[in-house]
Each structure stands twice: as structure tokens, then as C-alpha cells.
Amino acid sequence: MTLHLNIHVTLAWLLLLAYVSAFSSPGHTFKLNSHTSRQKVHHDQLKQRSNGLVIREKTLRSKKHTNGSSLQESNGDLFTELMSPISSAQPDQMSASSLAYLGDVVFELFIRSRYVWPQRRMPVLQNTVVGLVNAEAQSKLLQKFIDEFSLSSAEQTVLSRGRNASLTARKKGKGGESMYQDSTAFEALLGYTYINDKVRLTEMISWIKLELDKMDGM
């Protein structure tokens, strides 16, 4: 019985040695190692990619948490740049009509943004906006603006240029030429400041907001 068992053990060892020898040849070693290496490399690449994605995701999350305000400021600066004339624009060399052309949009965007919410019926919204974006309302605002807001000499010059700008036939309608001159001057000042100094424009729009708050009983 012991002899029979020993024979089986010996045969098992011989088969094991034969198996190892067979796969120890250069060809088989290359195939085995190549396959194993490919699997290992692929696994390592996936692991690196996975780690990389996790790291990048954590980095982005970290930036969002730690630098959220700076990212928003950067995006805000980019938006302002995109929505402004090219940096080489010289507002002092632009005609008063061109400045008013831009200032008209600045003022109307502010008014529309102010009244678009809370939501109201479109005819009501349109009447509210039109009631403020017109020569008469702008002329009244300008008169109070001049009385209460300290203007620099350059800003006063822009107002004078706006008043002296030639009026189109559309702006010579009812209300008198003086009212439309005030309106053009008001818009030219906003257009000039929009290009030249956004901080100063913010001060002007803030003053207008306070006046509208009073009118709206806020």
C-alpha cells in the first residue's frame, strides 16, 4: 500500500515537472509573460485613469468649494468683456449719437431686468417698461440726477455733447426738442460710462434704482 502511494506521488511530481518544463520554453514563456504583462498594464492603466478621474474630480470640487467666488468673478469679467465694445474703443472719440445708441440699450436692459420678475402679463410688463424707457421719463430722471449726483467735468462734457447731438425726425415728435435733448444726453452718459468705467456706471444705475424704488413705493 505504501509502495503504491509512493508511486502515485512520484508520478504526480514527474507530471508537475513536465508541465513546468513545457511552459518554461522561450516561446511559451513569451506568450505567458506577454499575456500577463498586457493584463497587468491594462489593469494599471485603468487604475491610473480611475485615480486620475477621482483626483481631477476632487480638484474641481475643491476649486468649487474654495474658489467659487473667484470663478464666478472670472466668469463675470468674461461676460462683461464679451458684452462690451473692443478694448481699443475710445469713447471720447465716439459721436454722442453712438454713445446714446449704446446707452439706450444699457438703460432698457436695466429696466426690463428690474420688472420682468415677479411675473406679470406681457401687456402690463410692456407698458411698465415703455413708461420708463421714453424721452419724458429720461428727461425727468436726468434733471434729478444732475441735482443730486456729483458729475465729473468729463461726464458734464458728455452731457453737453449729448444735448447738442442732432436729433432724428423720430425724436422731434411731441414733447419738445428740449426733452429729447435731455434724453439723448442721459443715454450718451450711460453709454460713455458703460465703456469707460463700469464701477462708475454701477454707481449711476444704483442711484436710478433708488429713484425707481421711491416711484414704486418700495
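The values are calculated or read from the model by the stated rules, or taken from the named source; none is laboratory data. Quick caveat: nothing in here was measured; it's all calculated off a predicted structure. Here the Cβ positions follow ideal geometry from the backbone for every residue, glycine too, while neighbour counts run over all protein chains shown. Keep in mind that these areas ignore ligands, DNA and RNA; they rest on the heavy atoms of the full protein, side chains included. Shrake-Rupley method; radii C 1.70, N 1.55, O 1.52, S 1.80 Å.
Test N75 against the criterion of being farther than 25 Å from M179 by Cβ, among the polar types (S, T, N, Q), open to solvent by 50 Å² or more (accessible area, probe 1.4 Å) and outside any loop (DSSP other than H, G, I, E, B), and give yes or no.
The answer is yes for N75.
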Practice item. State whether the residues of segment 170-184 include one that is surrounded by fewer than 17 Cβ atoms within 10 Å (Cβ to Cβ) and in contact with an Asp or Glu (Cβ under 7 Å, 6 or more places away or on another chain). Key: yes
Point to revise | Of the criteria (1) in contact with a helix residue (DSSP H, G or I) (Cβ under 8 Å, 6 or more places away or on another chain); (2) open to solvent by 40 Å² or more (accessible area, probe 1.4 Å); (3) modelled with pLDDT of 95 or more; (4) not small (G, A, S), which one V124 fails | key: (1)
Exercise for review: Hey, can you tell me all the residues within segment 93-121 that are surrounded by 12 or more Cβ atoms within 10 Å (Cβ to Cβ) and charged (D, E, K, R)?
Suggested key: D104, E108, R112, R114, R120
Practice item. Starting from segment 204-218, take each residue that is surrounded by 15 or more Cβ atoms within 10 Å (Cβ to Cβ) and list its partners that are of a type in the set (S, T, Y) and part of a helix (DSSP H, G or I), counting only C-beta distances under 8 angstrom and pairs at least six apart or across chains. Key: M204/T193
Practice item. Report, by residue number, each residue of segment 140-179 that is modelled with pLDDT under 95, within 16 Å of A100 (Cα to Cα) and of a type in the set (S, T, Y). Key: S166, T168, S178
Point to revise | Residue that is among the acidic types (D, E), in contact (Cβ under 8 Å) with a residue 24 or more places away in the chain and open to solvent by 80 Å² or more (accessible area, probe 1.4 Å), where the choices are E187, E148 | key: E148
